[in-house]
1. Could you grab me the full set of residues in segment 543-568 that are of a type in the set (D, E, K, R) and touching a helix residue (DSSP H, G or I) at 6+ places or on another chain (Cβ under 6 Å)?
2. Among Ser901, Ser920, which is open to solvent by 40 Å² or more (accessible area, probe 1.4 Å) and in a strand (DSSP E or B)?
3. Please go through (1) under 38 Å from the mean Cα position of the chain (by Cα); (2) at pLDDT 90 or above for Asp839 and return the number of the only condition it doesn't satisfy.
4. Within segment 43-85, which residues are of a type in the set (A, V, I, L, M, F, W, C) and out of contact with any helix residue (DSSP H, G or I) (no Cβ under 8 Å at 6 or more places or on another chain)?
5. Just the residues that are within 30 Å of Glu736 (Cβ to Cβ) and modelled with pLDDT under 95, please, taken from segment 610-638.
6. Strands (runs of 3 or more DSSP E) wholly in segment 804-862 with at least 2 residues that are touching a residue at least 12 places away in the same chain (Cβ under 8 Å) and open to solvent by less than 50 Å² (accessible area, probe 1.4 Å) - which ones?
7. Of these, Val193, Val232, Val180, which one is within 23 Å of the chain's Cα centre (by Cα), open to solvent by 10 Å² or more (accessible area, probe 1.4 Å), at pLDDT 95 or above and of a type in the set (A, V, I, L, M)?
8. Considering each of Asp308, Asp301, Asp346 in turn, give the residue that is within 15 Å of Phe246 (Cα to Cα) and either open to solvent by 10 Å² or more (accessible area, probe 1.4 Å) or aliphatic (A, V, I, L, M) (or both).
Amino acid sequence: MTGVEATASGSDVQSGNMVFEPILEEGVFRFDCSAEDRNAAFPSFSFVNPKDRDTPLLNTRGKPTFTPTFECVLGQQTVKIELPAGTTFYGTGEVSGQLERTGKRVFTWNTDAWSYGAGTTSLYQSHPWVLAVLPNGEAFGVLADTTKRCEIDLRKESTIMFCAPSSFPVITFGPFPLPVDVVALFSRVVGTVFMPPKWSLGYHQCRYSYDSDERVREISKTFRDKGIPCDVIWMDIDYMDGFRCFTFDKEHFSDPQSLVKDLHDTGFKAIWMLDPGIKQEEGYFVYDTGSEKDLWTQTADGKPFVGDVWPGPCVFPDFTQSKARLWWSSLVKEFTKHGVDGIWNDMNEPAVFKTVTKTMPESNIHWGDAELGGCQNHAHYHNVYGTLMARSTYEGMKVANESKRPFVLTRAGFVGSQRYAATWTGDNVSTWEHLHMSISMVLNLGISGQPLAGPDIGGFVKNATPKLFGRWMGVGAMFPFCRGHSEKGTSDHEPWSFGEECEEVCRLALRRRYRLLPHIYTLFYLAHTKGIPVAVPTFFIDSKNPTLRTNENSFMLGSLLIYASTMNDHGVHQLQHTLPEGIWSSFDFDDSHPDLPALYLQGGSIIPFSHPYQHVDEAGPSDDLSILIALDENGKAKGVLYEDDGDGYEYTKGEYLLTTYVAELQSSVVTIRVSKTEGFRKRPKRHLHVHLLLGKCAMLDAYGVDGDVICISMPSESEVSDLVSASDKKFKSRIETTRQIPDVEEVTEGKEIELSRTPVELKSADWVLNVVPWIGGRILSMEHIPSGTQWLQSQVDIDGYEEYSGMEYRSAGCSEEYTVIDRSLEQAGEVESLSLEGDVGGGLVLERIISLSKDEPKVVQIDSSIIARSIGAGSGGFSRVVCLRVHPTFSLLHPTESYISFVSIDGSKHDCWPTSSEQSYEGDFRPNGEWMLVDKCVSVALVNKFNVSQVQKCLVHWGTGTVNLELWSEDRPVSNKSPLAICHQYEVRGV
């Protein structure tokens with residue numbers, strides 16, 4: 001072993017440089033706190049071959065460029081790696097927010113994060129992995145190889161910090177010349193993506209839920225009638241009998257095999273959902289067989305853990321045991337006999353209802369296989385539970401039919417889950433912010449080893465507008481995984497549901513995807529065999545250019561650049577396109593539209609594409625092939641096309657065709673030929689249509705037979721100029737005359753109501769608040785900039801900050817529409833304030849004034865009151881009895897590590913934890929003017945200060961991942977001269 005041994009600086013603290021060993025190949029190092037820690041480390045779950053992590057690389061003199069330091073305190077290990085100033089960070093797996101992770105903090109703890117926001121720190125998957133891009137363009141990767149909850153802290157400039165229960169090794173990759181070098185090697189180490197069946201790269205249509213087989217047939221028929229490309233229909237949980245997995249509703253899905261046959265006959269595949277929560281019900285065959293084999297996850301006292309999910313009380317398979325995985329695989333094998341083409345694993349964080357943590361207790365026991373780490377508590381296996389379920393599902397499908405490639409989609413995952421399943425970005429929201437974030441989320445998943453990913457196109461939560469849906473489909477059609485999905489209670493979100501203009505944009509977008517499927521399928525073969533990502537940030541092409549590192553509107557699909565607009569008021573043609581260095585040729589398929597991304601091909605590239613839309617498995621015109629060529633400055637170009645059966649495993653025996661095409665300009669003639677082939681598959685007899693790009697969508701066409709040499713005579717410079725000018729004119733005319741998608745959907749309430757759902761932003765040096773005057777006049781989000789914490793995370797019509805006008809649950813005020821009375825920036829920005837008012841009837845209004853002061857940037861001031869405006873005759877000048885209730889719903893970033901703390905008026909100290917029931921404090925037990933919500937994980941607290949004379953009761957109510965800290969006024973009538981008021985403040989402190 002090479003390195004500097006750790007030094008003890010105290011009996012409870014150890015720190016020093018980590019010791020290292022080279023592993024795998026040149027430039028890859030394993031670091032541990034000490035030799036003893038190295039020998040005691042848990043088996044690697046991340047590595048596709050765990051022994052690779054534990055086997056030193058012999059005969060190497062290489063030494064690491066950067067050596068991490070560590071500090072171990074009270075069972076927590078903190079690792080720090082300092083890099084050159086100007087380094088930028090990416091990766092960290094499935095995360096919301098911006099592409100560049102610099103300045104962010106992430107906690108790897110798989111969480112059911114319905115309706116997450118840009119500041120949510122834990123989503124459904126965990127990837128303790130960071131890609132660092134150095135100032136000179138070189139790249140460096142770091143993996144914290146631990147399955148446990150891990151903090152990734154990138155807030156300090158050019159410094160990576162991991163903190164997790166000790167001890168765990170750290171693996172570094174590089175520095176290597178290019179970011180793709182690091183990501184490709186990392187992908188090969190943790191396992192490349194499974195080779196997807198070609199049909200799975202088409203468009204998928206889903207909803208929670210299509211409630212009957214009749215509705216599924218109607219949806220599939222409409223796709224075909226309207227000529228909108230689609231290859232897969234999904235069945236959510238309502239196909240089951242009472243949400244029991246591996247069953248079918250006897251009334252609404254009485255004959256699944258007949259349904260699947262009808263879908264297959266019209267070119268569709270069928271994917272069905274399976275959750276881990278198994279209904280605890282004797283007589284239900286899944287529960288009975290699992291109980292007989294003793295396969296359930298156990299509580300600390302050895303009993304099967306029971307938690308509520310969709311069917312009610314459920315037990316959960318212990319997928320850490322091989323016998324449980326084999327049992328599940330056998331169930332999957334039988335399930336596929338109903339015509340199941342793919343399986344969707346949802347709720348597998350695992351999600352559990354009616355609990356603050358949204359999951360099972362960390363003290364639960366898993367009897368894991370020795371190679372996984374043996375018997376451990378749930379805290380050890382929580383982050384890999386979903387991956388193990390996906391693995392079991394994948395293996396069951398593979399055993400069921402060895403001639404078909406499994407397709408599995410998983411919500412929860414960890415490093416390595418891409419070996420078994422695709423993923424999506426979870427329960428996103430139909431907003432422009434989420435459309436914008438979807439690009440960064442897909443790219444960071446790809447950077448973290450999971451290339452087969454995409455969002456719910458159009459958003460899962462809430463209703464999309466026609467323009468938002470069309471724009472999202474334009475971008476989403478270019479993502480590696482392409483699926484539309486929406487939840488119950490929302491309007492229909494199929495492409496034809498938003499009017500003719502949106503329908504046409506969706507049709508154009510999806511036809512683009514299908515034309516590019518030969519290219520996308522080739523990229524997946526390269527990802528599967530070499531670890532090269534399918535979609536990457538634009539800066540991967542030119543990592544030395546710092547201006548590209550924050551570009552979130554474009555990305556690369558191989559040598560194809562996709563440039564999109566995610567702004568409501570700007571089409572893509574209205575944006576300034578920042579392109580990497582080199583020659584970039586724009587093109588389209590005569591389908592340019594303001595709501596579709598712009599397409600560019602990198603100079604020196606050739607990409608294949610097919611004829612206009614046909615089903616993925618359809619023969620005929622697909623036997624013809626087209627290629628796009630963009631020459632570089634030397635007049636050369638090169639590209640590859642991968643072909644196989646589209647399914648099965650014959651490709652692993654050499655039954656494939658990998659063709660390398662080259663083009664070269666010599667003496668005004670461009671020659672296109674096949675320079676190399678690989679594989680035993682015979683080249684089809686087909687025509688080859690060559691498109692030579694000239695710029696601004698202009699191109700020259702040539703035809704020939706694939707495999708033969710094809711020549712194109714180049715026109716003169718003036719003729720090229722004329723072609724480019726004519727093409728540009730045609731493009732502009734198309735953009736100007738095309739039918740635009742309506743800006744917002746028509747609503748019966750009128751435009752004012754629609755505008756009232758638009759957030760108003762208030763900002764100070766320390767805080768950013770988003771407020772809507774829609775029902776409840778909610779504060780949707782409160783983000784504290786210095787700590788990077790978001791304390792409120794809600795929707796327009798639920799949760800967030802609101803006020804009630806009575807003691808009953810959700811009384812007047814929480815459901816009324818507010819109006820903006822005033823918004824002002826006083827004295828050149830000294831105070832920014834927003835006044836809202838909501839009519840609660842009986843001559844009463846709820847009034848709220850939110851203020852951010854430049855003199856006190858740390859404080860959010862909120863003054864709330866119930867005011868009498870017009871008390872009717874005979875009332876004696878007083879209203880009905882009312883109580884002002886301030887009711888904020890705060891999001892718990894770390895539910896098990898959060899609590900409420902305060903000192904009461906009588907001097908007693910109180911700590912209220914999530915395990916407590918609802919608690920109220922009155923009289924001298926009230927907090928003495930302040931109480932705080934403490935998050936131990938991030939060592940900060942949200943402090944709520946208030947005027948004790950205005951507050952009669954304080955109430956704490958713990959929800960699922962949330963807490964309400966309510967302030968109640970006295971309960972009395974109100975007159976014009978005696979309003980009820982509560983004035984209070986919020987600020988964040990370190991603890």
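The values are calculated or read from the model by the stated rules, or taken from the named source; none is laboratory data. Since the model is a prediction, treat every value here as computed from it, not as a measurement. Cβ coordinates were reconstructed from backbone atoms using ideal geometry, including for glycine residues, and neighbour counts include every protein chain displayed. SASA here: full protein model, heavy atoms, side chains in, ligands and nucleic acids out. Shrake-Rupley method; radii C 1.70, N 1.55, O 1.52, S 1.80 Å.
1. Correct list: Arg549, Glu552.
2. Ser920
3. Checking Asp839 against (1) under 38 Å from the mean Cα position of the chain (by Cα); (2) at pLDDT 90 or above, the one that fails is (1).
4. Answer for segment 43-85, where residues must be of a type in the set (A, V, I, L, M, F, W, C) and out of contact with any helix residue (DSSP H, G or I) (no Cβ under 8 Å at 6 or more places or on another chain): Leu57, Leu58, Phe66, Phe70, Cys72, Val73, Leu74, Val79, Ile81, Leu83, Ala85.
5. Passing the criteria: Ser610, His611, Pro612, Tyr613.
6. Fully inside segment 804-862 and qualifying: 831-841, 844-853.
7. After applying the criteria, what remains is Val180.
8. Asp346
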